[in-house]
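Please treat every number below as a calculation from the coordinates, not as lab data. Please read these numbers as outputs of a predicted model, since none were measured by experiment. Positions of Cβ are backbone-derived with ideal geometry, glycine not excepted, and every protein chain shown enters the neighbour counts.
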Amino acid sequence: MKKNYRMQKTISVKRFISELGESFSDNIKDRLLDLEVRTVLTREEDYNILDIKHVEHTKYDCPSNLNNGSSKHQKEYNYGQFVVVDGVLYFSEKCIENDEVMESPVVNTIYDSLNTDNIIMDSGISAKKVDDSNIDYVIDNILKACPEVSKEYMEIMEDMLSREKIKSPHRQIHR
């Protein structure tokens, strides 16, 4: 497969919807936007497979290293993985884990509770369909596990938005 060097590796939920979610229902789009402030989506090689991470990339002590006497290693949580195939949204059974990222326990909770169509991709990824009947459950559980953004982060964002409004008062930002 040819690599796409122009592909953005980290995108907002809004960008995700505009790139891959044109056929999502309005309800799914609206619920995905509930993740906008707290999360960012990252991808590696595949354009349509995105991991859900906290926007501030908060790191936590890695459980596997706490009891073996080694120095504490911290990792960022991955709160799930969205896969889009033929305009359909799926939630993956697993997400990327490496030296910097560990899977949040909420991933198994969400995946195991979904009773929808399951696909297995060529890459071996197993995922279940997210639709109007279960989108609330998926988003609500991600939001329960993913912490609020810090006050400092909110202040920075408010400052950036106010500067944007000053620069271009005729532009409107739509949700």
- Query: Hey, which of these cross-link pairs are over 27 Å Cα-Cα: Lys53/Lys151; Lys129/Lys151; Lys29/Lys128; Lys59/Lys129; Lys14/Lys94?
  - Reply: Lys129/Lys151; Lys59/Lys129
- Note on the structure: Taking every alpha carbon pair in the chain and sorting the distances into 10 angstrom bins from 0 up to the bin holding the longest one, the percent per bin comes out as 9, 34, 35, 17, 5, 0
- Message: Can you compute the modelled spin-label distance between Asp34 and Asp99, with each label point 7 Å from Cα toward Cβ, in nm?
- Response: 3.8 nm
- Query: How many percent of DSSP beta bridges within the chain run antiparallel, rounded to 5?
  - Reply: 90 percent
- Query: Can you work out the FRET efficiency for the pair Asp86 and Leu161, with r the C-beta to C-beta distance and R0 = 41 Å, to the nearest 0.05?
  - Reply: 0.70
- Inter-label distance for Tyr60 and Tyr153, nm, one decimal - labels placed 7 Å from Cα along Cα-to-Cβ: 1.4 nm
